[in-house]
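> Can you keep this structure in mind? I'll have questions shortly.
The values are calculated or read from the model by the stated rules, or taken from the named source; none is laboratory data. Since this is a predicted model, take the numbers as computed values, not measurements. Positions of Cβ are generated from backbone atoms using ideal geometry, with glycine treated the same way; all protein chains shown enter the neighbour counts. Quick note on the areas: whole protein, heavy atoms, side chains included, nothing else; ligands and nucleic acids left out. Shrake-Rupley method; radii C 1.70, N 1.55, O 1.52, S 1.80 Å.
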Amino acid sequence: MIRRVKADLLTCLQGFRQTVFRSVGCGILACVPVQGMAHSLTPEKAPVQHWSFNGPLGHYDLAAVQRGYAVFAGVCAACHSLGAVHFSDLAAAGLSSEQVMALAATWKVPTGPGEPGQSTQRKGQPEDAFPAPYASPDAARAANNGAVPPDLSRVAIVYPGGPDRILALLTGYGAADPQDKPGIHANGFYNPYAIGHRTAMPPPLRDNAVVYADGTAATAAQEARDVTTFLAWVSSPHADSKRRLGVGVALYLCFLAILLVILKRRIWSHVAK
Amino acid sequence: MSDTVLEQQQGKVVQQAEAGIATRLATHMARFPMPRDLTFLWTVGAMLIAVLALMVASGLSLALSYTPNATLAFSSVEALERRAPSGWLLRSLHMTGASFFMLALYCHLLRGLIYRSYAPPRRGVWGVGVAVLVMVMVTAFAGYVLPWGQMSYWGADVAGKAVGAVPLVGPTLEAMFLGGDAPGTPTLHRMFVLHFTMAFTLVAAVVLHVAVLHGRGSSSPSGLSGQNPKRLLSFHPYFTVKDVLGVVLMALAFTLVMCFWPGLVSEAENYRPANPLHTPADIEPAWYFLPFYGMLQVVPSKFGGLVVSAGAVLVLFLVPRLDPKSHAATSPWWVSRFVAGAALSVLVLSFILVGLAGRHHVAGVWLTVGRLATLGFFAYFFGFLPWHARQARPEAQL
């Protein structure tokens, strides 16, 4: 008993000493700009990936987008909303209207406030938006240790680092936290790609978290790639149409410009400078 | 019975008169004499008219699905972009159009400075043109607030505080602009109405700009010798084909940016909905306002920054007074060739550098760069132009 109390006290003291040292150290570091400390907590640069949708002439791999939807629905949607997207929007990812109907019906959407204390739900319709997992930001905060899981509608655009960093973050868990010292319990999970190397999101993906309809093996790495592709598509679903339009219009305008150059030279041919 | 015949006859007369006006206008436009030595810099005006037409057309279509309400604006834009028929196309046309309009406007303005298009007898053309520039800037700012993303909200917040720095009337102006203590639904209503009405006011101002130009005749790169009546060509077909070619080349660049490099003209942070509780780390306006944003920050006093920043645009109104000599007055060759070139290079470089400083939050070395660049910018107008005017040979002055 005494030994245990002693041990506890020692741990406490150790922790206290470390905290003191750290705060003093931080104070000194704040006075003298030392790169090391600040650098160690900036998110690491995500490895550059070769996405099919990269570059001016890229295009989305719609099979990966559809698999990524399965990961989103099975894993991410437990905490994250996709508020700006409607079920019918997924038709542009290659789903038929029957498939969209069936997909929407797998979701429960709130029908609005019913009796006091009761909320009623119905099956989703294609024109419904993806339902939010929490009724309010406060509910989300209460359920997630004080953090609100961000909406994912435009995440690949607004998240600094884009799809590369999303993939890196999803697969960046597992390493031992170099700052994890006994007696100090920081909130969240160690992830070198997160701000401050800490994220409130628990490691989301594991092997066989979902079953792919097309028979692809659902390894964690595959799931991460697919869901990142899905999020990139959801963030700018019309990028492919835009690129296709661009190729046609640019070719047309080039042709027109050549004709106009010829016409201009003919009209101006007899004008003395 | 005879009354109706009379009415019919009167109607015919009116119709003929109207057709007469239209025909006369068309003939005037087609036969309008233009200097033959105009370079492709003179087609930028035609590009601007084309982009303005595109902006009005796409803007009217966008307004059909937009809701100017702080809780609904962002989602109405999302719904428009994701689900309205060709909504994504309309919005990207409008977003790319804004950047291209400002870029072309800066080119047009620079051409005016290079070739002294503000010299008599075209001071009116220049004055109307600068008024158009001011109106375009107001319109562009109001339009940027409308999607109600993070940059929209915090841009309105910064602009409100800048206006609030005016002595005496500042707080009243700020309250009038925001319609409350912070940006919100009243701000959106104001910006929407302003953006919508300014578009048509702009069209009228551009018509006025062109009308005044047609009264005075076009300037030319070679000054008076280019404007010799014997060396003029009719607008059609010589300049119609040239302008159409210019517009097509611009449309090609427009298409490439809009379809393949849309990141050049969009701000990622503005795809986050406005959040009054979360200030973004970098509040940054659209690229075309960066130089003025930089000038706002390099001056230590808030009001001083506003004066310098607004002064950078308003000083353009003074250009015909600062450099009043006509094209007939000649300068020593080394002045017109080397000194003027160097001064213009300093002006352009300063404008770009102060914009970069604005982007880097005017801290550290960028503060010094921003201050020097601001001095460089104003040195052109208050140093070079008056000096240049004094270099004119008196015997050549008209």
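> Is it true that A:Leu253 is open to solvent by less than 30 Å² (accessible area, probe 1.4 Å) and within 21 Å of B:Leu252 (Cβ to Cβ)?
Working: open to solvent by less than 30 Å² (accessible area, probe 1.4 Å): yes; within 21 Å of B:Leu252 (Cβ to Cβ): yes.
The answer is yes for A:Leu253.
> Quick check on my filter: what residues within region B:217-229 are part of a helix (DSSP H, G or I) and surrounded by 14 or more Cβ atoms within 10 Å (Cβ to Cβ)? Don't jump to the end; show me each part of the working.
Residues of region B:217-229 part of a helix (DSSP H, G or I): B:223-227, B:229.
Within region B:217-229, B:Gly223, B:Leu224, B:Gly226, B:Gln227 qualify.
> May I ask you to say which residue of B:Leu318, B:Leu353 is assigned to a helix (DSSP H, G or I), closer than 22 Å to B:Val298 by Cα and at pLDDT 80 or above? Write out each step before concluding.
Details: B:Leu318 fails: closer than 22 Å to B:Val298 by Cα.
Selected residue: B:Leu353, the only one of B:Leu318, B:Leu353 that is assigned to a helix (DSSP H, G or I), closer than 22 Å to B:Val298 by Cα and at pLDDT 80 or above.
> Check region B:127-150 and report whether any residue there is modelled with pLDDT of 95 or more, assigned to a helix (DSSP H, G or I), touching a strand residue (DSSP E or B) at 6+ places or on another chain (Cβ under 9 Å) and not β-branched (Val, Ile, Thr).
Yes; the residues of region B:127-150 include at least one that is modelled with pLDDT of 95 or more, assigned to a helix (DSSP H, G or I), touching a strand residue (DSSP E or B) at 6+ places or on another chain (Cβ under 9 Å) and not β-branched (Val, Ile, Thr).
> When region B:260-269 is examined, which residues are found to be facing chain A (nearest Cβ under 9 Å) and either over 30 Å from B:Pro285 (Cβ atoms) or in contact (Cβ under 8 Å) with a residue 60 or more places away in the chain (or both)?
Within region B:260-269, B:Pro262, B:Ser266, B:Glu269 qualify.
> Just give me the residues in region B:162-209 being without any contact (Cβ under 8 Å) to a residue 24 or more places away in the chain, open to solvent by 60 Å² or more (accessible area, probe 1.4 Å) and more than 23 Å from the chain's Cα centre (by Cα), in sequence order.
Hits for region B:162-209 are B:Leu168, B:Val169, B:Pro171, B:Thr172, B:Leu173, B:Met176, B:Asp181.
> Within region B:81-95, identify whether any single residue is outside any loop (DSSP other than H, G, I, E, B), touching a residue at least 24 places away in the same chain (Cβ under 8 Å), open to solvent by less than 40 Å² (accessible area, probe 1.4 Å) and closer than 30 Å to B:Phe303 by Cα, and answer yes or no.
no
> Take B:Leu146 and decide whether it is among the aliphatic types (A, V, I, L, M) and open to solvent by 20 Å² or more (accessible area, probe 1.4 Å).
Numbers: among the aliphatic types (A, V, I, L, M): yes; open to solvent by 20 Å² or more (accessible area, probe 1.4 Å): no.
No; evaluated as a whole, the condition is false for this residue.
> Looking at A:Lys264, A:Lys242, can you tell me which residue is under 23 Å from B:Cys259 (Cα atoms) and facing another protein chain (nearest Cβ under 9 Å)?
Details: A:Lys264 fails: under 23 Å from B:Cys259 (Cα atoms).
Within the list A:Lys264, A:Lys242, the selection yields A:Lys242.
> In region A:75-89, which residue that is open to solvent by 20 Å² or more (accessible area, probe 1.4 Å), within 12 Å of the chain's Cα centre (by Cα) and not polar (S, T, N, Q) is nearest to the other protein chains (Cβ to nearest Cβ)?
A:His80
> List the residue pairs whose Cβ atoms are under 6 Å apart, where the first residue sits in region B:21-47 and is more than 14 Å from chain A (Cβ to nearest Cβ), the second is at pLDDT 95 or above and open to solvent by 40 Å² or more (accessible area, probe 1.4 Å), and the two are 6 or more positions apart or on different chains.
Listed pairs, sorted by first residue: B:Val44/B:Cys107; B:Val44/B:His108.
> Taking region B:48-85 as the search range and keeping residues that are more than 12 Å from chain A (Cβ to nearest Cβ) and of a type in the set (Val, Ile, Thr), which one is nearest to B:Gly217 (Cα to Cα)?
The residue in question is B:Ile49.
> Report those helices (runs of 4 or more DSSP H) wholly inside region A:131-232 carrying at least 3 residues which are open to solvent by less than 50 Å² (accessible area, probe 1.4 Å) and either at pLDDT 95 or above or among the aromatic types (Phe, Trp, Tyr) (or both).
On the way: elements: A:137-143, A:155-158, A:162-171.
The helices (runs of 4 or more DSSP H) meeting that bar are A:155-158, A:162-171.
> Could you list, in sequence order, all residues of region B:249-267 that are part of a helix (DSSP H, G or I) and open to solvent by 40 Å² or more (accessible area, probe 1.4 Å)? Can you show your working first?
Residues of region B:249-267 part of a helix (DSSP H, G or I): B:249-260, B:262-264.
Selection gives B:Leu249, B:Ala253, B:Leu256, B:Pro262, B:Gly263, B:Leu264.
> Of the numbered conditions (1) within 25 Å of A:Ala221 (Cβ to Cβ); (2) outside the structural domain of A:Glu223 (by TED's automatic domain parsing), A:Cys76 fails exactly one; give the number of that condition.
(2)
> Residue check: is B:Pro273 at negative phi, open to solvent by 50 Å² or more (accessible area, probe 1.4 Å) and out of contact with any strand residue (DSSP E or B) (no Cβ under 6 Å at 6 or more places or on another chain)? It would help to see each step written out before you state the result.
Values: at negative phi: yes; open to solvent by 50 Å² or more (accessible area, probe 1.4 Å): yes; out of contact with any strand residue (DSSP E or B) (no Cβ under 6 Å at 6 or more places or on another chain): yes.
For B:Pro273, the condition - at negative phi, open to solvent by 50 Å² or more (accessible area, probe 1.4 Å) and out of contact with any strand residue (DSSP E or B) (no Cβ under 6 Å at 6 or more places or on another chain) - is met.
> Let me ask something else. Could you please let me know if B:Ser117 is more than 14 Å from chain A (Cβ to nearest Cβ), within 26 Å of B:Leu249 (Cβ to Cβ) and outside any helix (DSSP H, G or I)? Steps first, answer last, please.
Details: more than 14 Å from chain A (Cβ to nearest Cβ): yes; within 26 Å of B:Leu249 (Cβ to Cβ): yes; outside any helix (DSSP H, G or I): yes.
It is true that B:Ser117 is more than 14 Å from chain A (Cβ to nearest Cβ), within 26 Å of B:Leu249 (Cβ to Cβ) and outside any helix (DSSP H, G or I).
> Give me a count of the residues in region B:232-259 that are more than 9 Å from every other protein chain (Cβ to nearest Cβ) and either of a type in the set (Lys, Arg) or touching a strand residue (DSSP E or B) at 6+ places or on another chain (Cβ under 7 Å) (or both).
Residues flagged as more than 9 Å from every other protein chain (Cβ to nearest Cβ) and either of a type in the set (Lys, Arg) or touching a strand residue (DSSP E or B) at 6+ places or on another chain (Cβ under 7 Å) (or both) within region B:232-259 amount to 4.
> Based on what the data block shows, is A:Leu263 more than 20 Å from the chain's Cα centre (by Cα) and either crowded, with 19+ Cβ neighbours inside 10 Å or modelled with pLDDT under 95 (or both)? Steps first, please.
Working: more than 20 Å from the chain's Cα centre (by Cα): yes; either crowded, with 19+ Cβ neighbours inside 10 Å or modelled with pLDDT under 95 (or both): no.
So A:Leu263 does not fit the description; no.
> Taking B:Val51 as meeting all but one of (1) modelled with pLDDT of 95 or more; (2) part of a helix (DSSP H, G or I); (3) open to solvent by 20 Å² or more (accessible area, probe 1.4 Å), write down the number of the exception.
All conditions are met except number (3).
> Among the listed residues A:Leu263, A:Leu251, which satisfies the condition of being assigned to a helix (DSSP H, G or I) and closer than 30 Å to A:Gly55 by Cβ? Can you show your working first?
Details: A:Leu263 fails: closer than 30 Å to A:Gly55 by Cβ.
Among A:Leu263, A:Leu251, only A:Leu251 is assigned to a helix (DSSP H, G or I) and closer than 30 Å to A:Gly55 by Cβ.
> Take the residues in region A:214-239 that are in contact with a helix residue (DSSP H, G or I) (Cβ under 8 Å, 6 or more places away or on another chain) and among the β-branched types (Val, Ile, Thr); name whichever of them is farthest from the other protein chains (Cβ to nearest Cβ).
Applying the filter and picking the extreme gives A:Thr216.
> Of all residues being among the hydrophobic types (A, V, I, L, M, F, W, C) and at pLDDT 95 or above in region A:96-128, which is most open to solvent (accessible area, probe 1.4 Å)? Just the residue, please. Break it down stepwise before answering.
Taking region A:96-128 first, the residues among the hydrophobic types (A, V, I, L, M, F, W, C) are A:100-105, A:107, A:109.
With the extra rule that they be at pLDDT 95 or above, the set shrinks to A:100-105, A:107.
Values: A:Val100: 7, A:Met101: 110, A:Ala102: 60, A:Leu103: 22, A:Ala104: 0, A:Ala105: 35, A:Trp107: 35 Å².
That would be A:Met101.
> List every residue pair whose Cβ atoms lie under 7 Å apart, where the two residues are 6 or more positions apart in sequence or sit on different chains, the first residue falls within region B:304-330 and is basic (Lys, Arg), and the second residue, located anywhere, is open to solvent by 40 Å² or more (accessible area, probe 1.4 Å).
Note: pairs meeting the criteria are B:Lys325/B:Gln397.
> (1) assigned by TED's automatic domain parsing to the domain that holds B:Ala104; (2) within 23 Å of B:Ile114 (Cα to Cα): which one isn't true of B:Leu252, the others all being true?
Result: B:Leu252 passes all but (2).
Rundown of residues vs (1) in contact (Cβ under 8 Å) with a residue 12 or more places away in the chain; (2) more than 22 Å from A:Ala200 (Cα to Cα); (3) in the same structural domain as A:His80 (by TED's automatic domain parsing), yes/no style:
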residue	(1), (2), (3)
A:Lys108	yes, yes, no
A:Arg122	yes, yes, no
A:Ser136	no, no, yes
A:Ala142	no, no, yes
A:Val148	no, no, yes
A:Ser153	yes, no, yes
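> Ok, one more. Before we move on, is B:Leu103 more than 14 Å from chain A (Cβ to nearest Cβ), open to solvent by 20 Å² or more (accessible area, probe 1.4 Å) and touching a Lys or Arg at 6+ places or on another chain (Cβ under 8 Å)?
Numbers: more than 14 Å from chain A (Cβ to nearest Cβ): yes; open to solvent by 20 Å² or more (accessible area, probe 1.4 Å): yes; touching a Lys or Arg at 6+ places or on another chain (Cβ under 8 Å): no.
So B:Leu103 does not fit the description; no.
> Let me ask you something else. Can you confirm whether region B:164-172 contains a residue that is within 14 Å of another protein chain (Cβ to nearest Cβ) and of a type in the set (A, V, I, L, M, F, W, C)? Spell out the reasoning first.
Filtering region B:164-172 down to residues within 14 Å of another protein chain (Cβ to nearest Cβ) leaves none.
No, because not a single residue in region B:164-172 is within 14 Å of another protein chain (Cβ to nearest Cβ) and of a type in the set (A, V, I, L, M, F, W, C).
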